[in-house]
Amino acid sequence: MYKLAICGFGGIGFYHTTLIKNIESLSVKGVFDIKDERQKFALEQGFHAYDSYEDLLNDSEVDVVLVSTPNDSHKELSIKALKAHRNVICEKPVVMTRADYLDIVKVAKEVNKFFIVHQNRRWDEDFLIVRNIIEKNMIGDVFHIESRVLGASGIPGDWRKKKEQGGGMLLDWGVHLIDQLLLIKKEKIASLYLRPSYILSEEVDDGFVAHINFEDGFTIHVEVQTTNTIMLPRWYVKGTLGTAKIDDWSNKGEIIVTKDRFLKHNSKPIKAGQGLTKTMAPLETEQLIIEKLPEPYFYHASFYDHIVAVLDGKEEPIIKEDEVARVLNVLEKLFISGQENRIIKDIE
Ligand code: NAD
């Protein structure tokens with residue numbers, strides 16, 4: 001039985017314990033949080049509460065440390081755990097810059113322990129359905145993806161509103177969505193542009209729209225907002241034969257395909273508003289095929305099944321160093337684009 005200890009027992013720290021409950025050969029040994037109320041909550045949940053982080057790191061039974069504190073503390077806490085010869089799982093965004101991430105990776109290599117970032121949304125079914133739509137060529141050659149998460153509750157909590165703590169939505173949600181999209185698109189990025197939103201805060205972005213353009217012509221629109229009461233689809237994907245849409249995390253959506261799109265349509269003009277249009281006339285039903293969304297693409301068994309396999313020496317970490325570094329590089333360039341209101345080229 002492997003033992004994991006948690007540093008930072010807030011919302012996600014506790015969520016990890018619910019995931020680990022289902023894993024046969026891994027259990028949570030204990031918790032350390034700087035807040036007394038969270039230490040008390042850990043005891044109520046039946047976990048040991050360490051007196052300090054040093055106390056946690058001195059527990060020789062601990063194989064893995066989970067760092068699930070606010071973003072600005074990840075680097076220091078992760079390096080301390082690695083230097084104490086513990087494997088480390090760190091919450092996203094792992095750090096705010098690629099250079100800081102590579103510093104941690106260097107220490108992990110020196111002590112020969114793993115350092116794995118919890119990019120859990122690689123396992124989201126909506127994303128894996130999109131991967132399968134692309135993999136199975138269901139809408140022809142995909143050339144454009146729109147990935148959105150929209151809410152109406154503003155920036156949550158306390159530290160997420162603070163710049164020095166790594167707050168804002170580009171770091172909070174952007175890191176998930178860009179990680180997903182760059183798993184799909186390995187080709188070289190030609191340019192990118194960020195339009196951040198500061199409706200609710202001047203200090204950190206409460207949302208953003210990012211455009212990422214690839215050298216092969218593929219385009220991505222990534223959007224996170226916290227000020228929307230009417231939602232847009234979670235995914236909107238265009239291919240040369242049709243369009244796919246997934247509405248939300250319930251995975252409802254549709255695929256509409258036409259075999260001769262862009263080529264042979266000779267639509268009749270329709271009255272639209274105060275004019276006539278042939279271009280925007282809907283296709284006839286007989287020109288369309290409505291398909292069901294496919295099953296999700298199989299990525300891997302759960303995150304913690306994978307961690308156990310890595311501890312057993314049966315698998316290499318699937319969340320790879322170069323993938324995490326690429327996402328952080330893109331985030332850094334997006335921040336510059338947003339600050340300077342310009343398109344950035346020479347990204348990678
Ligand atoms: P939170 O505010 O709910 O919890 C953070 C906890 O860390 C708090 O209880 C705080 O007291 C504690 N803490 C702060 N500094 C500490 C320190 N030096 N030592 C020990 N404890 C300390 O925040 P959260 O929503 O749980 O987010 C924590 C991290 O998890 C962030 O990096 C966030 O981005 C990430 N997160 C990831 C996901 C995901 O889906 N992967 C979801 C939510 C949050």
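The values are calculated or read from the model by the stated rules, or taken from the named source; none is laboratory data. The structure displayed is predicted, hence computed values, not measured ones. Every residue, glycine among them, receives a Cβ derived from its backbone with ideal geometry; neighbour counts consider all protein chains shown. Accessible surface areas use protein heavy atoms only, side chains included; no ligands, DNA or RNA. Shrake-Rupley method; radii C 1.70, N 1.55, O 1.52, S 1.80 Å.
Over all pairs of different C-alpha atoms, the chain has a mean inverse distance whose reciprocal, the Kirkwood radius, equals 22.1 Å. Scaled against the 2.2 N^0.38 Å expected of a compact globular protein of N residues, the Cα radius of gyration of segment 54-143 reads 1.42. Ignoring aspartates and glutamates fewer than eight residues from Lys268 along the same chain, the ones with Cα atoms less than 16 angstrom from its Cα are Glu284, Glu286. Computed over every Cα-Cα pair of segment 251-333 and binned at 5 Å starting from 0, the pair-distance distribution P(r) comes out as 3, 10, 11, 9, 10, 10, 9, 9, 10, 8, 6, 3, 2, 0 percent. Total lysine pairs in segment 1-43 at Cα distances under 19 Å, for residues eight or more apart or on different chains: 4.
Taking the C-alpha atoms only, the angle from helix 98-111 to the longest principal axis of the chain is near 40 degrees. Summed over the residues of the chain and divided among them, the accessible surface reaches 50 Å² per residue at a probe radius of 1.4 Å.
Approximating the spin labels as points 7 Å out from Cα along Cα→Cβ, the Ala152-to-Thr227 distance works out to 1.5 nm.
From largest to smallest, the equivalent ellipsoid semi-axes obtained for segment 287-348 from the alpha-carbon gyration tensor read 32, 27, 9 Å. For the pair segment 88-121 and segment 7-35, the centres of their Cα atoms are 19 angstrom apart. Principal semi-axes of the equivalent ellipsoid, √(5λ) from the alpha carbon gyration tensor of segment 1-91, are 17, 16, 13 Å from largest down. Per-atom-type breakdown for the chain gives carbon and sulfur 51% of the accessible area (1.4 Å probe, protein chains only).
With viscosity 1.002 mPa s and temperature 20 °C, the Kirkwood radius over alpha carbon pairs of segment 67-220 converts through Stokes-Einstein to a diffusion coefficient of 124 µm²/s.
If you look at the Cα atoms of segment 171-304, you get an Rg and a Dmax of 18.6, 58 Å.
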